[in-house]
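**Student:** Below is a structure I'd like to ask you about.
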Amino acid sequence: MAASTMTTSTAVNLEQEAYFLVTGASRGIGAKIAIETTRKFKPGSVVVLLARSASGLENTKSEILAVNPHVTVVTSSVDLATASKELLNEILEKSLGKKPIDQFGLACIIHNVGTIGNVARKAVDLDDRSEWEQYFGTNVFTVAVLNSCFLHKFAAAPSKLVVNITSKACLAPFPSMTYYCAGKAAREMYFRVLAEEEAAAGVTVLNYSPGPVDTDMTVDIQANSNAPEIRGYFKNLRDTTTMLTTAQTTSKFLHILQNGLFKSGDHVDYYDHEA
């Protein structure tokens, strides 16, 4: 899906003092986006990394400090399937320390956390309510709650950027990927409504679809999908080395962000623009 008419008004200046929160930051796309974006921040910036894996978060933190030792990196091992509003607000409060909100020229949150769900069963066989609730808890409910906490906390920040890592799967049905398609569709519509409602409040929203990337998630789909055509699709990408790397999609993401190649609320795919 092509982006709407481009405008430079959404161009984001990353070369400033920023508060930057990334979910799903222990590996894959989340880790790479955290590292490469932080590379550009000015001293005094605060980077907050959330994921379940404490060791993975520490690895990401080490890589961030290797490329920019002048930022503060805070990690929090949290299960976003069940995290309460109180816990999320506590994480935000503690990460700030005594720094005032107006110290940051940019407050940015990257909603990267995401799971594929059970791809071994067809839609007609997904009859476990608790499994549905757990999937949407991680991928939709807590995402929305965290986003609310973040925007209320940083209401006074001069520039607020919200990024939802989305997928083509929110626009088109993929056999065996019922949970993923349904979750991504619900999640993106939330952020599209947010963009409409909060435009006057200085909130910019980007729904970025990173393309087919070589991650643990695509390995899982290739190995366990009940749909032969889906397994074959990912196998072919790997066999022909045409699957994207986390470095490639992160580079395109930053290009789109810094050049304002989107309108707030847009769904922008990796393949929509030539870098």
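The values are calculated or read from the model by the stated rules, or taken from the named source; none is laboratory data. In this text, all values refer to a predicted model and were calculated from it rather than measured experimentally. No Cβ is skipped: glycine too gets one built from the backbone with ideal geometry, and neighbour counts run over all protein chains shown. Note: areas computed on protein heavy atoms with side chains; ligands, DNA, RNA excluded. Shrake-Rupley method; radii C 1.70, N 1.55, O 1.52, S 1.80 Å.
**Student:** Is it possible to state the helix-based mean residue ellipticity at 222 nm for the chain, with each DSSP H run of 4+ residues giving -39500 (n - 2.57), the sum divided by total residues, to the nearest 500 deg cm²/dmol? What is it?
**Tutor:** Details: 9 runs with 112 residues, N = 275.
Taking each H run of at least 4 residues, the total per residue is -13000 deg cm²/dmol.
**Student:** Counting C-alpha atoms alone, how compact is the stretch 165-275: give Rg to one decimal and Dmax as a whole number, in angstrom.
**Tutor:** Answer for the stretch 165-275, Rg first and Dmax second: 15.2, 48 Å.
**Student:** Is the stretch 15-63 rounded, prolate or oblate when judged by the Cα gyration tensor, a ≥ b ≥ c being the square roots of its eigenvalues, rounded requiring a/c under 1.5 and prolate requiring a/b larger than b/c?
**Tutor:** It is prolate, given that a/c is not under 1.5 and a/b is the larger ratio.
**Student:** Here's another thing I want to ask about it. So, with a 1.4 angstrom probe, what is the percent of accessible area on the stretch 156-204 that is carbon and sulfur?
**Tutor:** Numbers: 1200 of 2030 Å².
C and S atoms contribute 59 percent here.
**Student:** List the trypsin sites (Lys or Arg not before Pro) in the stretch 23-102 that DSSP assigns to loop (not H, G, I, E or B) and whose Cβ has at most 13 other Cβ atoms within 10 Å. Which are they?
**Tutor:** Details: sites: R27, K32, R39, K40, R52, K61, K85, K94, K98; in loops: R27, R39, K40, R52, K98.
Answer by residue number: K98.
**Student:** What is the distance, in nm, between label points placed 7 Å from the Cα along the Cα-to-Cβ direction at A66 and at H273?
**Tutor:** Roughly 2.9 nm, to one decimal.
**Student:** Quick query: amide H of L206 versus all other amide H atoms, modeled in the peptide plane; which residues come in under 5 Å with a sequence gap of 5 or more or a different chain?
**Tutor:** Under 5 Å from the amide H of L206 lie the amide H atoms of V162, V163, N164, G265, each far enough along the sequence or on another chain.
**Student:** Now, a different point. What is the set of long-range amide H partners of V73 at a cut-off below 5 Å, with H atoms built 1.01 Å from backbone N?
**Tutor:** Amide H neighbours of V73, under 5 Å, 5+ apart: V47.
**Student:** For the chain, what are the DSSP H helices with axial Cα length of 15 Å or more and mean Kyte-Doolittle hydropathy of at least -0.5? Walk me through the numbers on the way to the answer.
**Tutor:** On the way: long enough: 28-38 (16 Å, 0.68); 54-67 (20 Å, 0.20); 85-96 (17 Å, -0.24); 142-153 (16 Å, 0.92); 178-197 (29 Å, -0.30); 228-239 (16 Å, -1.30); 246-259 (20 Å, -0.27).
Long hydrophobic helices here: 28-38, 54-67, 85-96, 142-153, 178-197, 246-259.
**Student:** Report in % the part of the accessible area of the stretch 1-113 that belongs to carbon and sulfur, leaving out ligands and nucleic acids; probe 1.4 Å. List each step's numbers first, then the result.
**Tutor:** Values: 2480 of 5070 Å².
After summing per-atom areas, the C and S share lands at 49 percent.
**Student:** List every residue whose amide H lies under 5 Å from the amide H of C108, counting only residues 5 or more places away in sequence or on a different chain, with H placed 1.01 Å from N in the peptide plane.
**Tutor:** Residues meeting the amide H criterion: Y19, F20, L21, L161.
**Student:** Leaving out ligands and nucleic acids, note down the accessible area per residue over the chain with a 1.4 angstrom probe, in whole Å².
**Tutor:** Values: 12310 Å² over 275 residues.
With all protein chains present, the chain gives 45 Å² per residue.
**Student:** Among (i) 29, 21, 19; (ii) 43, 20, 17; (iii) 37, 22, 17, which one is semi-axes √(5λ) of the Cα gyration tensor in Å computed from these coordinates?
**Tutor:** Correct label, based on the coordinates given: (i).
**Student:** What is the magnitude of the charge dipole of the stretch 1-140 about its Cα centre, with +1 placed on the Cβ of each Lys and Arg, -1 on the Cβ of each Asp and Glu, and no other charges, expressed in debye to the nearest 20? Walk me through the numbers before you get to the answer.
**Tutor:** Numbers: 14 positive and 15 negative charges, 78 e Å.
Roughly 380 debye for the stretch 1-140.
**Student:** Please report, in cubic angstrom per residue, the volume enclosed by the convex hull of the alpha-carbon atoms of the stretch 1-127.
**Tutor:** Numbers: hull volume 20.0 nm³, N = 127.
Each residue corresponds to 158 Å³ of Cα convex hull volume.
**Student:** Within the chain, what's the longest run with no GluC sites (Glu not before Pro) in a DSSP loop and at most 15 other beta-carbon atoms within 10 Å? Give the range, please. List each step's numbers first, then the result.
**Tutor:** On the way: sites that count: E15, E274.
Result, exposed sites excluded: 16-273.
**Student:** What's the carbon and sulfur percent of the stretch 215-259's accessible surface, probe 1.4 angstrom, rounded to a whole number? Show your work: numbers first, answer last.
**Tutor:** Working: 1170 of 2200 Å².
Of all accessible area on the stretch 215-259, carbon and sulfur atoms account for 53 percent.
**Student:** Using label points projected 7 Å from each Cα along Cα→Cβ, tell me how many nm separate A200 and S77, to one decimal.
**Tutor:** 4.6
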